[in-house]
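Heads up, the thing below is written out as structure tokens.
The values are calculated or read from the model by the stated rules, or taken from the named source; none is laboratory data. All of these numbers come straight from a predicted model, not from anything done at the bench. Note: ideal-geometry Cβ built from the backbone for every residue, glycine included; neighbour counts use all protein chains shown. The protein model used for the area step is the full one, side chains on, heavy atoms only, and it has no ligands, DNA or RNA in it. Shrake-Rupley method; radii C 1.70, N 1.55, O 1.52, S 1.80 Å.
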Amino acid sequence: MMEEAPPLVLTNCRLATMAGADYGLVDDAVVVIRHQHIAFTGPRSALSNVEVSAEVIDLRGRLLTPGLIDCHTHLVHGGSRAEEFEMRQNGASYEEISRAGGGIFSTVRATRKATEAQLLDTALQRLDALMLSGVTTVEVKSGYGLDLATEKKMLRVARRLEAERPIRVLTTFLGAHAVPPGSDPDAYLDDVCLPALLQLAEEGLVDAVDAFCEGIGFNPTQVERLFREAQRLGLPVKLHAEQLSSLSGATLAANFNALSADHLEYATQADIDAMASSDTVAVMLPGAFYFLREAQKPPISALRAAGVPMAVATDNNPGSSPMTSLLLAMNMSTILFGLTPLEALQGTTVNAAKALGLEKVGILEQGFQADLAVWDVTHPAELAYQIGGAPLHRRVVGGRLC
Ligand SMILES: [Zn+2]
């Protein structure tokens, strides 16, 4: 994917550079791409000459934004939970679904059973759908193995996605996603999770470390043990925090200067203050809120007032957010949570890059990676406004039109 492409000149377009406090609109603009990076952006009048070898593309007034970044997904997993969904919609209780073999451990069983080729096939189907939302970078978590072999299989598949499609992938080790039935969480951490992290990090399969901090997951003391090991290995951390209850997980994440704290429906002012004095991004996941019919909304106004950067992601996963459209997540973040269309787009570009620790992505500016999305609309608010639309025209990944 990353081999050298000829210089590319995108002309006659409208830019939303996302470089400042607003969209950074530039009309009648041109973008010059060289060596996979943006060499120039600005009004056409400011560009003096273009090399003859360049491929010039007239975008006929279309909108150009940074390629979208989905900074929180569980894209690689086995099985489907559609039958469980059907049971739920027919009135089955959580216990009945559990007894019928549903819930997260049905995904664990299916993921353990699936071959690497099968996991790759189904992940590619979901990835293809995501890319139709203009996604050029995606984060993919492990966490449905809860044993070394399966966690490794998931991360290997996540890495392979990059070879199969024009996309950038960041991998996250989420061995602390759930406590295997019959296990003690501390024993699971010591005997399985921490040794697996060490080995998978040594194999270069881990870009970041995540955990599910919740009454039904891991408590802050256990998460802290995991984070200390991540720190020792030089890996950044992030955390599923305050989704279903308030455990001060977001404060813990901020104290470790985590890349992000994700969900945050039950975050308190103390959590927000801690995040505001760290570099931790607040990642909004409206898909799970919607699918689980939750009522507690994340404290958007308080996060905004404290100046905590907010990102938006699909949280694609079989149990609580079988969503493969980042544009739909943007729409939901505005309607369900009250983000503005500008915040929703910042949340899938500049702030999503920050949530992944990426420095030269997510903004259309000279020197940044040439990952772009070209849209069949003229105003960027269209991207959060449409429900189920298909406004994508083309993507550019690493300087290549695709
Ligand atoms: Zn998640």
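Structure data summary
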item: Ratio of the Cα radius of gyration of the chain to 2.2 N^0.38 Å, where N counts its residues; result: 0.97
item: Whether segment 233-288 is rounded, prolate or oblate, judged on the alpha carbon gyration tensor where a/c under 1.5 counts as rounded; result: oblate
item: Amide H within-cut-off set for HIS37, under 5 Å, with H built and near neighbours excluded; result: ALA370
item: Estimated vicinal HN-Hα couplings, Hz - segment 120-137 in sequence order (Karplus 6.51, -1.76, 1.60; Gly, Pro = x); result: 5, 4, 6, 5, 5, 4, 5, 5, 4, 5, 4, 5, 5, 8, x, 6, 10, 9
item: Kirkwood Rh and Cα Rg combined as Rg/Rh, segment 207-253; result: 0.96
item: Solvent exposure of the chain as accessible area per residue, Å², 1.4 Å probe; result: 39
item: LEU25-LEU401 FRET efficiency (beta carbon distance; Förster radius 22 Å; 0.05 resolution); result: 0.45
item: Two-site FRET efficiency, TYR94 against LEU47, from Cβ-Cβ distance with R₀ of 60 Å, rounded to 0.05; result: 0.50
item: Candidate residues ARG159, ARG44, ARG81: accessible-area rank, largest first, probe 1.4 Å; result: ARG44, ARG159, ARG81
item: Chymotrypsin sites (Phe, Trp or Tyr not before Pro) restricted to segment 263-311 and DSSP loop, no more than 15 other C-beta within 10 Å; result: none
item: For segment 340-349, Karplus couplings with θ = phi - 60° (6.51, -1.76, 1.60), whole Hz, Gly/Pro x; result: 7, x, 5, 4, 5, 6, 4, x, 10, 10
item: For HIS72, distant residues with modelled amide H under 5 Å away; result: GLU139, THR314, ASP315
item: Cut-off under 5 Å, modelled amide H: who pairs with VAL237 long-range; result: VAL209, LEU259
item: At R0 = 41 Å, FRET efficiency that the Cβ-Cβ distance of GLU86 and GLU203 yields, to 0.05; result: 0.55
item: Per-residue ³J(HN,Hα) for segment 77-89, Karplus 6.51 cos²θ - 1.76 cosθ + 1.60, θ = phi - 60°, Hz, x for Gly and Pro; result: 6, x, x, 9, 10, 5, 5, 5, 4, 5, 4, 4, 5
item: Accessible carbon and sulfur surface of the chain relative to its total accessible area, %, 1.4 Å; result: 51
item: For the chain, calculated [θ]222 nm from helices alone, where every DSSP H run of n ≥ 4 adds -39500 (n - 2.57); result: -9500 deg cm²/dmol
item: Charge dipole of segment 321-402 about the Cα centre (unit charges at C-beta), most positive-ward option of ASN351, LEU336, GLY399; result: GLY399
item: Folded to 0 to 90 degrees: helix 220-232 orientation relative to the chain principal axis, Cα; result: 50
item: Mean-position separation - Cα centroids, segment 335-383 and segment 8-84, in angstrom; result: 10
item: Whether segment 30-117 is rounded, prolate or oblate, judged on the alpha carbon gyration tensor where a/c under 1.5 counts as rounded; result: prolate
